[in-house]
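Structure, as structure tokens:
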Ligand code: ADP
Ligand code: MG
């Protein structure tokens with residue numbers, strides 16, 4: 001790697017960084033499209049992270065270099081207090097300084113270098129890991145009195161109030177609060193959270209399909225609007241208010257609203273069942289719940305794509321896999337699988353080979369991480 005392609009902080013800015021922090025991407029084990037419906041989610045941190053190096057400046061300039069986006073180029077710049085959307089990836093950075101200042105936190109200009117191992121736009125939440133990593137860096141640099149829950153909530157505001165992506169609270173809360181090897185069971189209505197360790201005897205596999213999505217684009221908004229419409233017709237505040245025992249009420253809704261509501265109601269129930277199965281170490285049950293969640297996303301919520309379905313079908317044919325499902329917002333992205341103890345690496349390799357041959361896509365394996373890399 002030449003310094004010109006990927007320069008260090010000192011090469012970029014002429015002095016060393018003062019703060020070096022990171023925040024992870026996440027994989028959602030189950031509970032998809034439930035967070036903006038007041039429901040339950042179950043994300044887990046992944047080893048891939050966004051790294052932020054930062055140094056305070058004496059003026060109000062913000063200079064930002066992204067190793068993922070600025071290749072070969074100069075840092076992007078803006079002035080604190082003059083954040084303006086329409087600058088692509090820089091909007092996420094501007095959003096962070098925008099929401100902090102709006103909350104009354106005093107900042108000065110900064111020099112920032114970003115680099116991420118989380119694939120961008122692959123359902124593993126590179127954006128929230130960037131939001132939270134930068135919030136962490138600024139919290140340290142300016143001694144901001146913010147705890148990790150507040151950081152997660154601010155991360156959501158960055159995207160909803162500035163970037164213009166109507167995301168739920170799961171991704172930034174996961175980036176701020178989740179750990180490796182344990183699921184974060186979050187009730188997005190009460191914000192109550194519990195850590196649920198993964199049982200022994202299971203390998204988590206994550207495969208990026210190579211088909212990128214874009215959250216802020218139309219389909220995600222359409223799904224949110226459909227949920228709101230369903231609530232209005234049912235006379236409830238949020239789909240969370242419809243218990244599974246009243247699932248039949250979704251049949252009174254016009255298509256596709258009935259199917260959208262059915263996904264959310266049954267998905268909430270599947271999160272609760274998954275937490276129970278994790279605690280009981282019931283791997284077969286976990287696998288069934290994963291496949292059921294995938295089918296619900298495919299048929300009722302209609303957020304899958306043929307490439308993702310192919311990955312899940314290949315998992316179904318594999319004797320070492322308990323279950324698999326689309327993870328993240330959908331319309332592309334990644335699949336999460338549960339495989340028999342010790343088989344994860346081999347499972348991931350053979351499914352990727354078959355998938356690449358049949359789809360023409362270039363998949364990548366995020367978990368298990370290749371050893372010796
Ligand atoms: P996801 O969060 O699932 O990866 P999003 O569409 O929500 O997908 O966010 C991806 C966008 O976030 C990128 O297109 C880019 O604008 C921004 N982003 C994420 N990570 C970085 C990074 N390391 N450098 C610059 N921009 C980034
Ligand atoms: Mg995102």
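Which is crowded, with 23+ Cβ neighbours inside 10 Å and touching a residue at least 24 places away in the same chain (Cβ under 8 Å), of 115, 129?
Details: 115 fails: crowded, with 23+ Cβ neighbours inside 10 Å.
None of the others qualify; the one that does is 129.
When segment 347-358 is examined, which residues are found to be surrounded by 15 or more Cβ atoms within 10 Å (Cβ to Cβ) and either within 16 Å of ligand 2 (Cβ to nearest atom) or over 28 Å from residue 170 (Cβ atoms) (or both)? Answer for segment 347-358, where residues must be surrounded by 15 or more Cβ atoms within 10 Å (Cβ to Cβ) and either within 16 Å of ligand 2 (Cβ to nearest atom) or over 28 Å from residue 170 (Cβ atoms) (or both): just 354. When the test is whether a residue is closer than 17 Å to residue 97 by Cβ, surrounded by fewer than 21 Cβ atoms within 10 Å (Cβ to Cβ), touching a residue at least 12 places away in the same chain (Cβ under 8 Å) and within 15 Å of ligand 2 (Cβ to nearest atom), residue 155 does not pass it.
Report every pair of residues separated by at least 6 positions or lying on different chains whose Cβ atoms are under 7 Å apart, first residue within segment 161-184 and more than 12 Å from residue 148 (Cβ to Cβ), second part of a loop (DSSP other than H, G, I, E, B) and within 11 Å of ligand 1 (Cβ to nearest atom). Qualifying pairs under 7 Å: 163/216; 164/216; 165/215; 165/216; 167/215; 171/125.
Listed here are the residues, each with its yes/no results for (1) touching a helix residue (DSSP H, G or I) at 6+ places or on another chain (Cβ under 6 Å); (2) modelled with pLDDT of 95 or more; (3) surrounded by fewer than 18 Cβ atoms within 10 Å (Cβ to Cβ); (4) under 17 Å from residue 187 (Cα atoms).
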site: 232; (1), (2), (3), (4): no, yes, yes, no
site: 238; (1), (2), (3), (4): yes, yes, yes, yes
site: 244; (1), (2), (3), (4): yes, yes, yes, yes
site: 247; (1), (2), (3), (4): yes, yes, yes, no
site: 257; (1), (2), (3), (4): yes, yes, no, no
site: 264; (1), (2), (3), (4): yes, yes, no, yes
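Here the condition is being touching a strand residue (DSSP E or B) at 6+ places or on another chain (Cβ under 7 Å), within 15 Å of ligand 1 (Cβ to nearest atom) and either in contact (Cβ under 8 Å) with a residue 12 or more places away in the chain or on the phi < 0 side of the Ramachandran plot (or both); of 42, 134, it holds for 134 alone.
The values are calculated or read from the model by the stated rules, or taken from the named source; none is laboratory data. Because the structure is a prediction, the values reported are computed rather than measured. Backbone-built Cβ (ideal geometry, glycine too); neighbour counts: all protein chains shown.
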